[in-house]
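What follows draws every value from the coordinates through simple rules; no lab data is involved. Remember, it's a predicted structure, so these values are computed and weren't measured experimentally. So basically every Cβ, Gly included, is an ideal-geometry build from the backbone, and we count neighbours across all protein chains shown.
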């Protein structure tokens with residue numbers, strides 16, 4: 001144990017491989033299914049959407065996958081990221097726990113998202129792709145992909161939910177500053193968009209519509225592919241750089257975590273930190289690993305494990321995952337990145353196997369935690385990240401109650417400097433927890449009753 | 001020379017003293033004058049406004065001043081900051097120059113400002129002060145002081161120019177998140193504010209009015225002091241941590257700069273990087289040191305060296321500096337931090353002594369530079385910082401033309417993530433250079449004709 005506030009790695013010390021958990025999973029993942037045939041989806045089905053290197057990573061059985069030099073060089077723009085001891089938070093809570101966080105907010109777009117945006121752009125580039133499309137809600141993913149495409153000279157087209165496009169101009173302008181083409185969705189540039197606009201010219205848009213537009217724009221142009229910011233195996237793979245760096249940093253000071261915490265929307269930042277530690281847990285190390293979700297969108301804690309569409313418009317393959325049903329509409333909480341009906345299949349399977357423990361936390365507690373963090377550690381967290389912070393505080397106080405010297409590690413997945421309106425609403429008492437009646441979940445789950453069922 | 005992208009210092013390697021250039025100045029500074037008596041201002045005159053340790057630093061003849069442990073501990077929240085090789089920018093420009101920047105955007109408020117906000121809060125705290133007041137325009141300084149006061153349990157009252165308070169809510173909410181009391185100015189909390197509101201209830205406010213309010217709130221309460229974010233000697237002193245770290249980082253890789261560049265509004269971020277290198281220049285090292293200002297507010301390049309008020313309402317002592325006259329109203333450029341009529345006396349004196357070269361750059365060139373930087377190095381700069389970036393690009397292209405391998409060092413003083421509306425206006429072609437007619441300067445300078453004159 002050191003007295004340092006920040007534990008840094010030099011660029012020479014950065015891990016040169018990602019960790020692929022697929023070969024280590026105690027229970028293998030069940031395959032995605034074709035929505036029409038109900039049969040497992042093969043590489044050919046995905047080829048119109050993703051380039052082959054990413055399709056291969058999606059199903060790879062290799063434990064370690066080399067990070068290409070072309071990706072490393074871009075990672076060095078902001079990686080390795082600091083591991084920080086949250087001493088002032090510890091003191092404020094009066095806890096015997098030692099709290100460390102991985103600061104992923106230092107990337108140019110301000111979150112962990114570029115960890116996968118950069119390799120996705122890279123593999124598309126070397127596969128001859130000229131342009132990537134994607135959808136974005138609040139804009140975290142869209143800005144990360146814009147940043148990454150610009151680094152490799154790829155065109156980038158981001159379909160941004162129209163109401164966010166109008167209400168949250170900052171992320172849109174970030175995308176444009178990196179040279180991306182950011183379009184309010186529904187747009188007149190796709191069949192799907194035109195159809196919606198014909199029915200309702202004033203449609204505020206939705207993530208479902210934006211996905212339809214982005215996928216259509218990709219499959220109708222041979223030089224264009226589509227890019228996804230979470231959920232899939234290859235996305236989680238790229239994010240493991242977070243946990244692998246953290247392992248090296250903790251080893252440097254002779255620390256080892258007892259508790260690992262991340263917030264989870266689609267699952268990528270959580271898995272990015274947690275998967276290398278899940279491996280330690282599989283190998284026998286006692287370790288608690290918490291994935292934290294909003295209580296108003298309780299995919300992991302109240303959704304069944306089922307086959308469901310990844311999107312709301314039923315275009316994607318069926319994925320085996322914890323889900324609230326693809327028609328579930330989460331309450332308008334400010335943690336936009338956690339408003340997703342499903343969960344990454346890898347994370348879902350780890351929950352089934354008792355390797356990861358899901359926790360749901362209400363919105364007000366998360367903002368209270370964010371204010372506590374800002375006033376102790378200084379940094380203002382993204383609303384999503386505040387879910388992790390809230391769980392850290394719960395665990396630190398538990399350690400205090402029990403008088404235990406626990407080591408808590410969490411992923412500070414991004415800063416909240418472009419989310420200040422959410423803090424304003426919180427401080428002015430305008431936010432609520434959006435309690436979720438059981439009936440609403442039941443209603444949404446009816447939509448998936450007729451779909452194939454995964455093995456128990 | 002290394003191949004690393006980032007040169008990091010460990011916390012053990014951080015400098016433990018600030019550099020005070022006063023004893024090394026070839027020409028000693030002329031004293032500030034009392035506006036009423038015209039006599040040099042003494043410590044007693046300043047005591048109602050500043051605590052004694054800061055007044056002592058303002059006139060200290062010690063070259064090295066220890067950084068107190070209580071400040072170091074807070075610096076470690078974000079310091080040492082990375083020194084980054086801007087390889088992608090170099091490649092884009094095709095320059096033989098090697099470009100390094102000091103990334104001061106990693107602090108919680110996102111700029112260099114907390115380097116002085118933290119020690120100012122510290123010295124006030126140990127002097128028994130309970131509350132600090134200040135003024136802020138766009139909010140960079142106000143948010144930094146809010147952050148710092150919170151760390152030391154001081155109350156913080158920020159008078160924010162009303163039009164900014166309403167138009168730029170993000171920085172205001174940042175201040176509130178750190179627990180500060182941010183008030184639109186003119187307010188009904190001071191005599192000065194009430195007087196303005198009586199005359200014009202809809203007054204949009206101005207920095208001059210906000211200063212009056214902040215100073216009044218400080219001098220009328222024995223437990224309250226006032227805090228200033230630039231211009232004064234002690235502020236520049238605290239910022240030298242930037243240049244001192246950079247010297248150590250460059251030494252680690254065997255580099256030494258030929259050119260040092262910073263943007264200059266009041267002069268603090270520029271001086272923070274440059275002063276330790278000015279010392280090397282005084283000792284004989286050949287070195288070009290550029291202070292960059294907006295061509296629409298050309299204090300250093302077109303303003304005379306004169307005694308003038310630091311504020312627009314003629315309350316402060318008279319300072320010997322380059323000035324456009326205290327009644328000069330800069331055009332509404334987006335680099336709010338550079339819209340100041342004067343310049344730090346230290347920087348002004350260094351210009352007179354040919355140790356620092358001032359340069360003025362028009363707004364459009366600075367935003368073009370910012371876009372180039374964002375698309376090469378990834379990071380989106382504050383509009384102020386873009387002035388430094390623009391000068392770096394000029395120098396890098398000059399090195400290319402001359403075929404010279406020059407080493408350029410600059411201060412990346414802050415990120416622009418809460419200034420995206422400025423980028424939007426630029427990309428939509430809504431910005432202009434705001435060329436400044438000679439008559440406007442002449443008119444503003446008439447106001448200082450009757451003031452005492454400094455020695456030539």
For the stretch A:192-317, state the semi-axes of the equivalent ellipsoid (square roots of 5 times the eigenvalues of the alpha-carbon gyration tensor), sorted largest first and rounded to whole angstrom. 37, 18, 12
Sorting from shortest, the nanometre distances separating the label point of residue A:252 (7 Å past Cα along the line to Cβ) from those of the same residue in the other copies are 1.0
Counting other C-beta atoms within 10 Å, which of B:263, B:182 has the fewest, and how do the rest follow? B:182, B:263
Radius ratio Rg over Rh of the stretch A:278-340, counting only Cα atoms, Kirkwood formula for Rh: 1.07
Give me the distance in nm between label points sitting 7 Å out from Cα along the Cα-to-Cβ direction at residue A:449 and residue A:127, one decimal. 3.9 nm
Calculated log₁₀ intensity ratio I(q)/I(0) where the Debye formula runs over C-alpha points of the stretch B:226-294, q = 0.11, 0.19, 0.26 Å⁻¹: -0.26, -0.74, -1.19
Restricting to bridges with both residues inside the protein assembly as shown, how much of the DSSP beta-bridge set is antiparallel, in percent to the nearest 5? 35 percent
Give me log10 I(q)/I(0) at q = 0.13, 0.20, 0.21, 0.22 Å⁻¹ for the stretch B:53-132, Debye formula, one equal scatterer per alpha-carbon, no solvent. -0.58, -0.96, -1.02, -1.07
With Rg and the Kirkwood Rh both taken from Cα atoms, where does Rg over Rh land for the stretch B:381-434? 1.09
Ellipticity estimate at 222 nm from DSSP helix runs (n ≥ 4, -39,500 (n - 2.57)) divided over the protein assembly as shown, nearest 500: -11500 deg cm²/dmol
Can you give the % of DSSP beta bridges in the stretch B:101-256 that are antiparallel, to the nearest 5? 0 percent
Taking a ≥ b ≥ c as the square roots of the eigenvalues of the Cα gyration tensor of the stretch A:128-193, is the shape rounded (a/c under 1.5), prolate (a/b larger than b/c) or oblate? oblate
Relative contact order (%) - the stretch A:255-325, alpha-carbon pairs under 8 angstrom, separation at least six: 26 percent
Using only the alpha carbons of the stretch A:90-147, determine the length spanned along each of the three principal axes and report them from longest to shortest in whole angstroms. 55, 24, 15
Using only the alpha carbon atoms of the stretch A:33-97, find the Kirkwood hydrodynamic radius as the inverse mean reciprocal pair distance, in angstroms to one decimal. 16.6 Å
Expressed in µm² per second, the diffusion coefficient of the protein assembly as shown from the Stokes-Einstein equation, with Rh the Kirkwood radius over alpha carbon pairs, at 37 °C and 0.692 mPa s, is 115 µm²/s
Rounded if a/c is under 1.5, else prolate if a/b is larger than b/c, else oblate: which is the stretch B:258-408, with a ≥ b ≥ c the root eigenvalues of its Cα gyration tensor? oblate
For helix B:140-152, report the angle its Cα long axis makes with the longest principal axis of the Cα atoms of chain B; keep it between 0 and 90° and round to the nearest 10°. 80 degrees
Using Cα pairs under 8 angstrom and six or more residues apart, how large is the relative contact order of the stretch A:1-157, in percent? 22 percent
So how do A:131, B:5 line up by other beta-carbon neighbours within 10 Å, fewest first? A:131, B:5
Separation between Cα centres of the stretch B:267-330 and the stretch A:378-454, rounded to whole Å: 48 Å
If you average the sequence gap of Cα pairs under 8 Å that are 6 or more apart and divide by the length of the stretch B:218-352, what percent do you get for the contact order? 23 percent
Gyration tensor on Cα atoms of the stretch A:332-456, a ≥ b ≥ c root eigenvalues, a/c under 1.5 rounded, else prolate if a/b beats b/c, else oblate, says oblate
Helix axis angle, B:114-126 relative to chain B longest principal axis, alpha carbon, degrees: 40 degrees
Geometric extent, Cα atoms of the stretch A:70-198 - Rg, Dmax (angstrom): 18.1, 61
Using a Förster distance of 30 Å, how high is the FRET efficiency between residue A:288 and residue A:364, based on the Cβ-Cβ distance and rounded to 0.05? 0.75
Bounding extents of chain A in its principal axis frame from Cα atoms, largest first in Å, are 61, 48, 47
Final fewest-first order of B:14, A:361 on the 10 Å Cβ neighbour count is B:14, A:361
Report for chain B the percent antiparallel among DSSP-assigned beta bridges with both residues inside it, nearest 5. 35 percent
Averaged over all viewing directions, the convex hull of the alpha carbons in the stretch B:185-261 casts a projected area in nm² of 8.0 nm²
Rounded tilt (10° steps) of B:207-219 against the dominant C-alpha axis of chain B: 60 degrees
Take the alpha carbon atoms of the stretch A:235-259, find their center, do the same for the stretch B:93-148, and report the distance between the two centers in whole angstrom. 31 Å
